[in-house]
Amino acid sequence: MKRLHELSFVNSFHALGDSFYSETRPQGLTNPVLVRSDTGVADLLGLDSGEFATDDFLQVFSGNRLLPGSRPLAQNYAGHQFGRFHPGLGDGRVMLLGDVETPHGCLEITLKGSGRTPYGRDLDGRAGLAGCLREMEISRQLADLDIPTTRSLCVICGNEQVYRQGFEAAAIVVRIAPSHIRFGTFENCYARRRTEDLRRLADFVTSRYYPECLEAGNRRYIVFFQTVVQRTARLIARWQAAGFVHGMMNTDNQSILGITLDLGAAAFNPERDPDFVSSPDDEHGRYAFGQQPIIGLWNCNVLARALSPLIAADDLREALQCYEKEFLEHHAMLTGTSREAPAAADPSRPKNG
């Protein structure tokens, strides 16, 4: 196991170019205190859990100090939120410290709640302690259920206060994942008509995370998209089988790797109530538990449109048709029952705004 200073940063996301991010620095917490940690996540990083007790650990993951080689950035992306397209999103309170080499491959380390970024608009860039602890607990439960998800290394709080339905301590949750690239990252390239950026992004993702697609040669983008559709269907089948409600299935929260991203509004629905809504912002139940399979397909349609400069329409439609079969088979395998198919989303692609 490594000491903290022995983590080796790769910073591979920088290779995409600065149209995909803005370099920024965390804004640290005063008098940081470790509130909760997860030795299992430390193991994933190959990090000695004894580092939790060191001042270096506190200072680095409270945003007060950078490890050698770290080049923090905030990712730039767009997305459909509650069905409407928004071009200027990006990480408003999350900073990617970089990706590090681990026994499990390269894993990205991010700080959520580390202050304003260029994409934060009027937000303070902070997070409350209760929300950070809740996110860490939900990610742990998902991992225990073998549902692909980001993981949380720790939660650290400081002297600062934030107002979140009342005043509470400001905190940072440290999250790790192979990648935090999302459907909205591709949408951003498409909306800005940056086809070369789109191609660069697709090549980056396939070479790093879908290397098997490279064997398809000129059809590699088609195979890549079909695999993303299948992974998304399997992920949501796992959600449904476990009674998990993501709560905010905007395309900027949909992982290109088929893992569960952005758990701030998530909850469990043990009764499997199809109308259960976990986010107070979801006034019309768009992301209710029973709607998640349909929204997953809708989001894949959005990604299809974003990839349309690289993939022919007929190939996109054929790949989208894999979703229903993949979802139903995986859900039946998990539950031992059949399930009514999700209503088909319009493969002619949703409209902006």
Subject >> Residues (part of a loop (DSSP other than H, G, I, E, B), touching a strand residue (DSSP E or B) at 6+ places or on another chain (Cβ under 6 Å) and crowded, with 16+ Cβ neighbours inside 10 Å) located in the range 59-70 >> reply: Ser62, Gly63, Ser70
Subject >> Unique residue being hydrophobic (A, V, I, L, M, F, W, C) and crowded, with 24+ Cβ neighbours inside 10 Å when the list is Phe224, Phe204 >> reply: Phe224
**OP:** Out of Ala42, Ala53, report the one residue that is free of Cβ contacts under 8 Å to residues at least 24 places away in the same chain, over 30 Å from Tyr190 (Cβ atoms) and hydrophobic (A, V, I, L, M, F, W, C).
**Re:** Ala53
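For (1) in the same structural domain as Arg164 (by TED's automatic domain parsing); (2) of a type in the set (Val, Ile, Thr); (3) surrounded by fewer than 19 Cβ atoms within 10 Å (Cβ to Cβ); (4) more than 22 Å from Met136 (Cα to Cα), each residue gets a yes or a no:
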{"residue": "Ala267", "(1), (2), (3), (4)": "no, no, yes, no"}
{"residue": "Pro270", "(1), (2), (3), (4)": "no, no, yes, no"}
{"residue": "Asp273", "(1), (2), (3), (4)": "no, no, yes, yes"}
{"residue": "Ala304", "(1), (2), (3), (4)": "no, no, no, yes"}
{"residue": "Pro309", "(1), (2), (3), (4)": "no, no, yes, yes"}
{"residue": "Asp314", "(1), (2), (3), (4)": "no, no, yes, yes"}
**OP:** Among residues belonging to the range 1-39 that are closer than 23 Å to Gly184 by Cβ and acidic (Asp, Glu), point out the one that is surrounded by the most Cβ atoms within 10 Å (Cβ to Cβ).
**Re:** Glu23
Original post:
Across the range 250-304, what is the total count of residues that are of a type in the set (Lys, Arg) and farther than 20 Å from Asp144 by Cβ?
Top reply: 1
Original post:
Restricting attention to the range 322-332, does a residue exist that is at pLDDT 95 or above, surrounded by 17 or more Cβ atoms within 10 Å (Cβ to Cβ), part of a loop (DSSP other than H, G, I, E, B) and out of contact with any Ser or Thr (no Cβ under 7 Å at 6 or more places or on another chain)?
Top reply: no
**OP:** Scan (1) under 20 Å from Gly125 (Cβ atoms); (2) of a type in the set (D, E, K, R); (3) in contact with a Leu (Cβ under 7 Å, 6 or more places away or on another chain) for the single condition Glu51 breaks and write down its number.
**Re:** (1)
Subject >> Subset of the range 72-113 [of a type in the set (S, T, N, Q) and at pLDDT below 95] >> reply: Thr102
Original post:
When the residues of the range 227-253 are filtered to those that are buried (at least 19 other Cβ atoms within 10 Å of the Cβ) and in a loop (DSSP other than H, G, I, E, B), which remaining residue is farthest from the chain's Cα centre (by Cα)?
Top reply: Gly247
**OP:** For residues that are part of a helix (DSSP H, G or I) and among the small types (Gly, Ala, Ser), scanning just the range 287-302, find the one that is surrounded by the fewest Cβ atoms within 10 Å (Cβ to Cβ).
**Re:** Gly290
Original post:
Only one residue in Asp56, Asp43 is assigned to a helix (DSSP H, G or I), closer than 15 Å to Ile109 by Cα and modelled with pLDDT of 95 or more, so which one is that?
Top reply: Asp43
Original post:
Under the condition of being crowded, with 18+ Cβ neighbours inside 10 Å and under 21 Å from Pro178 (Cα atoms), which residue from the range 45-56 is farthest from the chain's Cα centre (by Cα)?
Top reply: Leu47
Original post:
What is the one condition in (1) within 21 Å of Arg192 (Cα to Cα); (2) of a type in the set (Ser, Thr, Tyr); (3) modelled with pLDDT of 95 or more that Tyr287 does not satisfy?
Top reply: (1)
Original post:
Residue check, Gly296 against (1) touching a Ser or Thr at 6+ places or on another chain (Cβ under 7 Å); (2) under 22 Å from Asp203 (Cβ atoms), all met but one. Which one?
Top reply: (2)
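The values are calculated or read from the model by the stated rules, or taken from the named source; none is laboratory data. Quick caveat, the model's predicted, so the values are computed rather than measured. A quick note on method: Cβ atoms are made from the backbone with ideal geometry, for glycine too, and the neighbour counts reach across all protein chains shown.
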